[in-house]
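Okay, structure first, notes after.
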Amino acid sequence: DAMVIQNPRYQVTQFGKPVTLSCSQTLNHNVMYWYQQKSSQAPKLLFHYYDKDFNNEADTPDNFQSRRPNTSFCFLDIRSPGLGDAAMYLCATSREDRATDTQYFGPGTRLTVL
Amino acid sequence: AQSVTQLDSQVPVFEEAPVELRCNYSSSVSVYLFWYVQYPNQGLQLLLKYLSGSTLVESINGFEAEFNKSQTSFHLRKPSVHISDTAEYFCAVSDNNAGNMLTFGGGTRLMVKP
């Protein structure tokens with residue numbers, strides 16, 4: 001089945017220690033998104049790629065970076081995680097960036113910061 | 001700018017009872033509407049969406065939602081819930097001015113009790 005895969009599902013890191021979360025997709029979609037979801041809250045968009053074009057949300061902290069080396073893979077790098085960065089990180093894809101396009105979500109990576 | 005309000009943060013209901021999860025939005029332009037479901041420790045899955053045409057849309061697992069433009073609402077209903085419907089439900093909107101950027105409501109936790 002075509003899908004969005006996130007690895008690892010659970011990640012524990014130490015305060016200030018860089019961490020990378022991975023997302024891959026077999027849907028061949030042009031757009032990939034990263035969301036942060038804190039407990040009992042709605043997902044918050046961090047940034048997205050249309051193909052190789054990177055689009056950062058205005059309020060995304062500089063501590064968060066992303067890479068998309070090819071169509072299938074996208075990475076979220078947190079350079080110096082703080083306790084407030086503990087959250088579920090969701091990757092999503094869509095075929096295009098039209099308002100009518102469905103976003104398909106991966107299962108998420110739950111990040112714990114010690 | 002858009003906003004989405006889910007009036008109930010939690011909805012407890014007994015199995016086989018009907019349920020309605022409320023969603024209201026505000027926007028100065030025409031919108032597209034989505035309901036996503038999130039099971040514990042999972043990503044979001046599209047439940048149903050309204051893009052155009054018939055204002056009543058249905059999902060494969062018995063949920064339905066009706067777009068009401070005059071009341072700016074898109075309430076989700078199911079005539080008889082199952083234990084397996086226990087999850088968080090998110091209403092979201094997009095519009096042609098914002099591309100595929102979704103604005104999410106705060107979520108409603110549906111708790112089905114035996």
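Descriptive notes on the structure:
- The tail of the calculated P(r) for chain B beyond 17 Å holds 51 percent of all Cα-Cα pairs.
- Taking chain A as a Gaussian network of alpha-carbon nodes connected by springs under 10 Å, the highest mean-square fluctuation of the residues A:Ala86, A:Ala42, A:Ala99 belongs to A:Ala99.
- Per residue solvent-accessible surface (Å²) - chain A, probe of 1.4 Å: 48
- Placing +1 on each Lys and Arg Cβ and -1 on each Asp and Glu Cβ, with no other charges, gives chain B a dipole about its Cα centre of roughly 160 debye.
- Stretched out straight at 0.36 nm per residue, the stretch from A:Asn63 to A:Ile5 would grow longer than its current Cα-Cα span by 18.5 nm.
- Along the axis of the charge dipole computed for the stretch B:1-90 (Cβ charges of +1 for Lys and Arg, -1 for Asp and Glu, origin at the Cα centre), the listed residues B:Leu48, B:Ser30, B:Ser59 are led at the positive end by B:Ser30.
- If R0 is 22 Å, the Cβ-Cβ spacing of B:Glu16 and B:Glu64 corresponds to a FRET efficiency of close to 0.85.
- Here the simple spin-label model places points 7 Å from the Cα toward Cβ, and for A:Lys44 and B:Ser28 these points are separated by 2.5 nm.
- Apportionment of accessible area to carbon and sulfur, the protein assembly as shown, percent (1.4 Å): 49
- A Förster radius of 35 Å combined with the Cβ-Cβ distance from B:Thr72 to B:Tyr39 puts the calculated FRET efficiency at roughly 0.80.
- Unit charges at the beta carbon, dipole of chain A: most positive-side option, A:Asn70, A:Gly84, A:Val113: A:Val113
- Here is the interface size for A with B: some 1700 Å² of accessible area buried, both sides summed, with a 1.4 Å probe.
- Each principal axis of the Cα atoms in the stretch A:70-114 has its own extent, and those three values, largest first, are 39, 21, 16 angstrom.
- Solvent exposure of B:Met101, expressed as accessible area, is near 40 Å², computed with a probe of 1.4 Å over the protein chains only.
- Surface analysis of chain B yields an accessible area of 48 Å² per residue, using protein heavy atoms and a 1.4 Å probe.
- Projected label points at B:Leu51 and B:Lys113, each 7 Å from Cα along the beta carbon direction, are separated by 4.1 nanometres.
The values are calculated or read from the model by the stated rules, or taken from the named source; none is laboratory data. As the structure is a prediction and not an experimental result, all values here were calculated from the model. For neighbour counting, all protein chains shown are included, and Cβ atoms are generated from backbone atoms with ideal geometry for every residue, glycine included. In case anyone asks, the SASA skips ligands and DNA or RNA and just uses the protein heavy atoms, side chains included. Shrake-Rupley method; radii C 1.70, N 1.55, O 1.52, S 1.80 Å.
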